[in-house]
Amino acid sequence: MRFTPDRVPTQAMLAPSRKRAVAGKTQLDRILDALHYQGPRPRHDYMCLCPAHEDHTPSLSVTMTVEGKILLHCFAGCETRRVVDAIGLTMR
C-alpha cells in the first residue's frame, strides 16, 4: 500500500497468473527470483531490496493475498510501476 499526497491509501497489484512457469514455479516464485530474494520463504509476506532505487536495507514489501494476487510496496517511496519495470515484468 502506498499513500498519495492526500493520504488516501492505494494498492498496486499484479494479477495472479493461471499459468505455471518452468518447473512448477508460481508467479510469486518468479517475482522473488527476479528480486534475487535469498531469505526464507514462509508463505505470503517478504521484505526485499527494491530494484528501483539503491537499496541497502530491504524496503520492498512483497505480499500474496489469499486470492493469489501479488502486492508490492516500496517503503522508500518508489512508484510500483518503476519497481515492476525494474524486474522486467508488467502490471495487469
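On the given criteria, is Met13 open to solvent by 50 Å² or more (accessible area, probe 1.4 Å), among the hydrophobic types (A, V, I, L, M, F, W, C) and modelled with pLDDT of 90 or more?
Against the criterion (open to solvent by 50 Å² or more (accessible area, probe 1.4 Å), among the hydrophobic types (A, V, I, L, M, F, W, C) and modelled with pLDDT of 90 or more), Met13 does not qualify.
Please specify each residue of region 80-92 satisfying the condition of being part of a loop (DSSP other than H, G, I, E, B) and either open to solvent by 50 Å² or more (accessible area, probe 1.4 Å) or touching a strand residue (DSSP E or B) at 6+ places or on another chain (Cβ under 6 Å) (or both).
Those that are part of a loop (DSSP other than H, G, I, E, B) and either open to solvent by 50 Å² or more (accessible area, probe 1.4 Å) or touching a strand residue (DSSP E or B) at 6+ places or on another chain (Cβ under 6 Å) (or both): Gly88, Leu89, Thr90, Met91, Arg92.
Tell me whether region 63-79 contains one or more residues that are among the acidic types (Asp, Glu) and open to solvent by less than 40 Å² (accessible area, probe 1.4 Å).
No, region 63-79 has no match at all.
Mind listing whichever residues of region 34-62 are open to solvent by 60 Å² or more (accessible area, probe 1.4 Å) and of a type outside the set (A, V, I, L, M, F, W, C)?
Within region 34-62, His36, Gln38, Pro40, Arg41, Pro42, Arg43, His44, Asp45, Glu54, His56, Thr57, Pro58 meet the criteria.
Take region 48-79 and flag every residue that is in a strand (DSSP E or B) and within 19 Å of Thr26 (Cβ to Cβ).
Hits for region 48-79 are Cys48, Leu60, Ser61, Val62, Thr63, Met64, Ile70, Leu71, Leu72.
The values are calculated or read from the model by the stated rules, or taken from the named source; none is laboratory data. Worth saying up front: this structure is predicted, and the values here are computed from it rather than measured. Ideal geometry is used to build each Cβ from the backbone, glycine not excepted, and the neighbour counts take in all protein chains shown. The protein model used for the area step is the full one, side chains on, heavy atoms only, and it has no ligands, DNA or RNA in it. Shrake-Rupley method; radii C 1.70, N 1.55, O 1.52, S 1.80 Å.
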